[in-house]
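The next block holds one structure in the form of structure tokens; read it before the comments.
What follows draws every value from the coordinates through simple rules; no lab data is involved. Please read these numbers as outputs of a predicted model, since none were measured by experiment. Backbone-built Cβ (ideal geometry, glycine too); neighbour counts: all protein chains shown.
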Amino acid sequence: MIIGVLTGGGDAPGLNPTIRAAALTALAQGDQVIGFLDGWRGVQRNNTISIDLAWAERIYDEGGTNLGTSRTNPMRSEDTMNAVIENFKAKKLDALIAIGGDDTLSVAAELSRRGLPVVGVPKTMDNDVPETDYCIGFDTAVNTVTESLDKLRTTSASHHRAMVVEVMGRDAGWVAGIGGVAGGADYILLPEEEPDLEALYAHLETVRERGRSYALVVVAEGVQLGNMPLPENAKTDAFGHVQLAEKAVGETLARLIEERLAWETRSVVLGHLQRGGSPSAFDRVLGTRYGATAVEMAHRGEFGQMVVIKGWQLSSVPLEGIAGKTKTLDPTFIKQARGLF
């Protein structure tokens, strides 16, 4: 077979182990592997490299994606979709493995709908792709948040400050919730819930009354604080998503805490640190299993499907069933976390 591979959307630790496993599995069966550079932009512009053993075998511990990525959306016009289809056919692809989050997989679903052989692999540090327990990059991101909270605790204690830590998460609070609990946060604000600032203030007062001179608050970037407006001319990406860094939710929350409680408060935006660095052992293994399974699915002709993991078992679900949907943080976990505050 001639198998294409691309990585789209935001980078995440674990992409290179996924690419590696897909390539090694395909090459072992005599397949030709073509890498499209910078996600759907590479397919749109026919920008490719040939992936051989020497290119692929040593990238299991590297962060990011050696194929590059972008937030290119070929569905914005019929001309760009036609370019993608024409280049797909020009390369004589028997299968295309699209590794990405909701936006990347939405394009994959549309190509599948138009009859092209596509297999999806869920990647997003937000862990919000439905029908799978884990997405590539999530575990490493949570570890980064946890380690950051451990470090911020000592500086907060030294200066007797409250610290607001803004983490990624547009519509789902997986990183904020899991990372916040693992890092011992005093309070966590999630996109799944309407923020109760009065409850936050009351809890921080309780913390201070117990004699502690510092506090850590985690907030997901997608949290809406009241009627806080977006800046004029806020930037959006190719899929129409507002760039949430412009909301400055962490900075705004820190200011509100300081004004209300007269407690010196600082904000830290972890931002792209959550995406960077070498993947955790879990993300390396997850990516390896996803990449190998995607090639196996292609050889079985299981197209229009996305590989998923539930428990420790791998299976697949239709791409059309996950496109445009979001997996939010489990309500049971949220309830348990609330009991800590």
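Data for the structure
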quantity: 5 angstrom amide H check on Asn47, placed H, neighbours 5+ away; calculated: Leu37
quantity: Normalised per residue, the volume of the convex hull around the Cα set of segment 80-206 (Å³); calculated: 141
quantity: J(HN,Hα) series, segment 12-26, from Karplus relation 6.51 cos²θ - 1.76 cosθ + 1.60, nearest Hz, glycine and proline x; calculated: 7, x, x, 5, 5, x, 5, 4, 4, 5, 4, 5, 5, 5, 5
quantity: For segment 138-276, convex hull of alpha carbons as volume per residue, Å³; calculated: 107
quantity: Radius 10 Å from Cβ of Val269, net charge of other residues (Lys, Arg +1; Asp, Glu -1); calculated: -3
quantity: DSSP beta bridges in segment 138-276 [antiparallel fraction, %, rounded to 5]; calculated: 5
quantity: Acute angle (nearest 10 degrees) that the helix 78-90 long axis makes with the longest principal axis of the chain, alpha-carbon atoms; calculated: 50
quantity: Net charge contributed by nearby residues that have their C-beta within less than 13 Å of Ser112 (K/R +1, D/E -1); calculated: -1
quantity: Fully extended contour minus Cα-Cα distance, from Glu57 to Phe333, at 0.36 nm per residue; calculated: 95.5 nm
quantity: With Cα atoms, 0 to 90° folded angle of helix 249-261 axis to the chain main axis; calculated: 10
quantity: Calculated FRET value between Ser158 and Ala199, using beta carbons and R₀ = 22 Å, to 0.05; calculated: 0.20
quantity: Percent antiparallel among DSSP beta bridges (both partners in the chain, rounded to 5); calculated: 25
quantity: Dipole moment magnitude, nearest 20 debye, the chain about Cα centre, only Lys, Arg, Asp, Glu C-beta charged; calculated: 460
quantity: Furthest towards positive pole of dipole, Leu111, Trp174, Val164, structure part the chain, Cβ charges; calculated: Leu111
quantity: Cβ-based exposure ranking for Trp55, Trp40, Trp263, Trp312, in which fewest neighbours within 10 Å come first; calculated: Trp312, Trp55, Trp263, Trp40
quantity: Calculated from backbone phi, Karplus (6.51, -1.76, 1.60) coupling profile of segment 114-129 in Hz, x at Gly/Pro; calculated: 8, x, 8, x, 10, 10, x, 10, x, 10, 5, 5, 6, 6, 9, 6
quantity: Relative frequency of Cα-Cα separations exceeding 24 Å in the chain, percent; calculated: 55
quantity: Euclidean distance of C-alpha centroids, segment 72-126 and segment 308-338, integer Å; calculated: 22
quantity: Exposure proxy ranking, count of Cβ atoms within 10 Å, fewest first, for His160, His299; calculated: His160, His299
quantity: Length-normalised contact order for segment 52-135 - Cα pairs under 8 Å, 6+ apart - percent; calculated: 21
quantity: Theoretical FRET efficiency, 1/(1+(r/R0)^6), r = Cβ-Cβ of Trp312 and Leu261, R0 45 Å, to 0.05; calculated: 0.50
quantity: Extended-chain gain in nm, criterion 0.36 nm per residue less alpha-carbon gap, Lys89 and Ser278; calculated: 64.5 nm
quantity: Dipole-positive endmost among Gly14, Pro318, Leu253 within the chain (Cβ charges, Cα centre); calculated: Gly14
quantity: Candidates Gly183, Gly271, Gly287: whichever shows maximal mean-square fluctuation once the chain is modelled as a Gaussian network with Cα springs under 10 Å; calculated: Gly271
quantity: Relative contact order %, segment 138-276, counting alpha carbon pairs below 8 Å whose residues are six or more apart; calculated: 34
quantity: Long-range HN-HN contacts of Val308 with modeled amide H, under 5 Å; calculated: Ser315, Ser316, Val317
quantity: Segment Ile2-Arg208, extension gain: residue separation times 0.36 nm, minus the distance between their alpha carbons; calculated: 67.9 nm
quantity: Positive-pole candidate from Ile188, Tyr214, Ala202, dipole of segment 138-276, charges at beta carbon; calculated: Tyr214
quantity: The chain: relative contact order as a whole-number percent, Cα under 8 Å and 6+ apart; calculated: 24
